[in-house]
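The values are calculated or read from the model by the stated rules, or taken from the named source; none is laboratory data. Keep in mind that what you see is a predicted model, and the values were worked out from it rather than measured. Note that we place each Cβ from the backbone using ideal geometry, even for glycine, and neighbour counts take in every protein chain shown.
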Amino acid sequence: MRSMGSDVVRQRRGLGHWFGVASAFASLASVQPSLAQVAETFIYDVHGRLTGTTDVNAAGVAGWSGYSIDPADNISARSIAAVAFPSTPSRLLENESITLQQTIYSPNNNVTLALQADGDLVLRCGTAVKWSSGTAGAQAQFLVLQGDGHLVLYGPNYTPVWWNGAYGFTGAFLQVQNDGNLVVYSTGGVPRWATGTSCGGGGTEVVPVSFSTTSNYGGYTGLTTSGGMRDGNFNSPSSIHGTNWGTTEIIQANLGTSQAVSRIEIASADASAPGGWGAYYTNGAAVEYSNDGVNWTSAGTVSGVVDGAYTSISLGGATMLYIRLIRTSGYLGMGDFRVYQSSP
């Protein structure tokens, strides 16, 4: 369940009925109805209005309905779709989907990808959250790996609420891996997108006390929104930052106190984000750190960034108070900027 201002989810199974709020389902791994049952989930807004349903049976057939509410609180439109449930354990193949309260497991069953009742898509190693789409409250209803390889989370009326930004290839499949990484591959096992996560120690995350920048291209608030640089959402104005064009454009994290840092995990502002960003505007930036904000040490240049995924940059345990990305020509875009004390 989500607090006031959010949706409430209730569920019905088979001929019998069982109703409860979404928090009652938090411990459910997935919907596993028998052949004679259909698991149906109802989605309500804070005013008690029905805004959508999802249905799943054990034969692997799932469907969803979305409803539009007019100013007089009448249902003014309904959209429906049938989607294919995963046919292969630990994977989504092209045009396969999961809906609310469904989960995909890694081969060793330790890593899970779940579309929660609140609409957030969450990757876990055991009980530890490693990545999320940051879409709680966005009325997401199903996740689909499209025929072009694009991974998209849809809400009512086929409205996309999150997407990974990688597409235009064939033979796609989404793999939940034993190592804690979530990867989209194409024909021949070529990785096209990944969360860049790991189940290994994971390290202790350091939460910067503040971020600063030299400029703001589009009024973005990702540097000042609580968790904006740590939420796994790379295409919302409140979760990204992009600078103006310049010869010295900077996005900088202040750790509050000097700390030993092993690595940073960064993500670009997606090409789908307002302003039309993409990995190009993150790749090529220099990484630097400092203990006084005056004297800076180079830690290399950002490379290998792709839309919708984290890229890890080693800092070797060096002690620092500030970490920054700096571009000496052009724009600089950022989706997430995470700092860790110990290696995974």
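Quick look at the numbers
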item	result
Residue under evaluation G126, criteria (1) crowded, with 20+ Cβ neighbours inside 10 Å; (2) at positive phi, criterion not met	(1)
Leading residue by the ranking (farthest from S215 (Cα to Cα)) among those in the range 314-344 that are hydrophobic (A, V, I, L, M, F, W, C) and crowded, with 19+ Cβ neighbours inside 10 Å	L315
A39 vs. criteria more than 19 Å from the chain's Cα centre (by Cα) and either crowded, with 18+ Cβ neighbours inside 10 Å or at pLDDT below 65 (or both)	yes
Only listed residue being within 27 Å of G317 (Cα to Cα) and small (G, A, S), chosen from S272, S236, S226	S226
Index of the failed condition, G317 passing every other in (1) modelled with pLDDT of 95 or more; (2) outside any loop (DSSP other than H, G, I, E, B)	(1)
Output for the range 123-172, where each listed residue is part of a loop (DSSP other than H, G, I, E, B), small (G, A, S) and out of contact with any strand residue (DSSP E or B) (no Cβ under 7 Å at 6 or more places or on another chain)	G126, G134, A136, G137, G147, G165, G168
Those residues of the range 261-275 which are surrounded by 24 or more Cβ atoms within 10 Å (Cβ to Cβ) and over 14 Å from E205 (Cα atoms), in sequence order	A267, S268, A269, D270, A273
Flag for Y310 being modelled with pLDDT under 95, among the hydroxyl-bearing types (S, T, Y), buried (at least 19 other Cβ atoms within 10 Å of the Cβ) and not assigned by TED's automatic domain parsing to the domain that holds W163	yes
Set G188, G219: member being in the same structural domain as G304 (by TED's automatic domain parsing), at positive phi and over 17 Å from the mean Cα position of the chain (by Cα)	G219
Pick from the range 159-184, criterion touching a Gly at 6+ places or on another chain (Cβ under 8 Å) and aromatic (F, W, Y), ranking: surrounded by the fewest Cβ atoms within 10 Å (Cβ to Cβ)	F169
Scope the range 237-260; condition of a type in the set (A, V, I, L, M, F, W, C), surrounded by 24 or more Cβ atoms within 10 Å (Cβ to Cβ) and under 20 Å from S298 (Cβ atoms); matching residues	I251, A253
Residue among T297, T257, T282 that alone is under 20 Å from the mean Cα position of the chain (by Cα) and at pLDDT 95 or above	T282
Options S215, S312: the member that is over 28 Å from V122 (Cβ atoms), in contact (Cβ under 8 Å) with a residue 24 or more places away in the chain and out of contact with any helix residue (DSSP H, G or I) (no Cβ under 7 Å at 6 or more places or on another chain)	S215
